[in-house]
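The structure under discussion appears below in the form of structure tokens.
The values are calculated or read from the model by the stated rules, or taken from the named source; none is laboratory data. Since the structure is predicted, the reported quantities are computational estimates derived from the model, not experimental observations. Note that each Cβ is placed from the backbone with ideal geometry, even for glycine, and that neighbours are counted across all protein chains shown.
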Amino acid sequence: MAEHKRASMIGRLFQDPVKGTAPDMTIEENLALAYNRKSKNVLRIGVHHKDVQIFREKIAQLNMGLENRMKTKVGLLSGGQRQALSLLMATISTPRLLLLDEHTAALDPASAEKIMLITKNIVSQESITTMMITHNIQSALKTGSRTIMLDRGKIILDISGQERADMTVPRLMELFSQQSKNTLDNDRMLFVNN
């Protein structure tokens with residue numbers, strides 16, 4: 001499949017909140033770009049009035065007050081607000097797959113927790129298959145339905161079902177050490193939600 005066709009089915013969110021948005025464009029302009037991503041008329045110009053209400057309703061679900069700031073340039077938002085907007089942009093035209101690359105790592109703990117909650121809600125409501133790369137083992141075990149751990153690019157653990165439900169961080173670290181013959185290097189942690 002051509003890259004542009006695959007891209008229309010995949011939403012992605014990066015570690016750096018700056019990467020997913022256009023800072024000199026407004027919130028509604030950024031949302032319009034994302035919303036029109038699946039449209040056959042990709043080069044639609046501007047924000048259509050009929051779409052603004054959809055954007056307001058979607059962004060209001062974030063509970064950040066951004067629905068009252070639709071004309072604000074994205075570069076003026078905090079990192080947490082910007083990452084929440086990036087998440088909404090990645091999912092506003094529901095993708096078949098959502099890739100989350102350390103999407104809370106650059107945020108302060110309170111913002112990271114809020115973004116994880118928003119992520120869980122959107123993924124659950126829209127039934128989006130999601131793959132999240134994380135260094136946070138506790139977060140990986142609390143989120144999703146399957147945990148995969150890699151060592152030097154190879155899968156060494158694939159845990160789901162009851163085994164995963166009963167898993168603790170110390171037990172996971174122990175299993176990793178046994179399988180890899182190394183101590184845990186959490187840079188090789190991968191979580192998959194399906």
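Of all residues in the range 141-172, which are within 18 Å of residue 120 (Cα to Cα) and more than 24 Å from the chain's Cα centre (by Cα)? None; the set is empty.
Results for (1) surrounded by 19 or more Cβ atoms within 10 Å (Cβ to Cβ); (2) assigned to a helix (DSSP H, G or I); (3) aliphatic (A, V, I, L, M), shown as yes or no for each residue.
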position: 37; (1), (2), (3): no, yes, no
position: 50; (1), (2), (3): no, yes, no
position: 54; (1), (2), (3): no, yes, yes
position: 63; (1), (2), (3): no, no, no
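Whether a residue is farther than 23 Å from residue 128 by Cα and touching a residue at least 60 places away in the same chain (Cβ under 8 Å) was assessed, and residue 77 does not pass this test.
Could you give every pair whose Cβ atoms fall below 8 Å, whose first residue belongs to the range 111-129 and is basic (Lys, Arg), and whose second residue is part of a loop (DSSP other than H, G, I, E, B) and modelled with pLDDT under 95, counting only separations of at least 6 or pairs across chains? Within 8 Å, the pairs are 120/143. Listed by position, the strands (runs of 3 or more DSSP E) enclosed by the range 98-168 that each have at least 3 residues that are under 24 Å from residue 8 (Cβ atoms) are 129-133.
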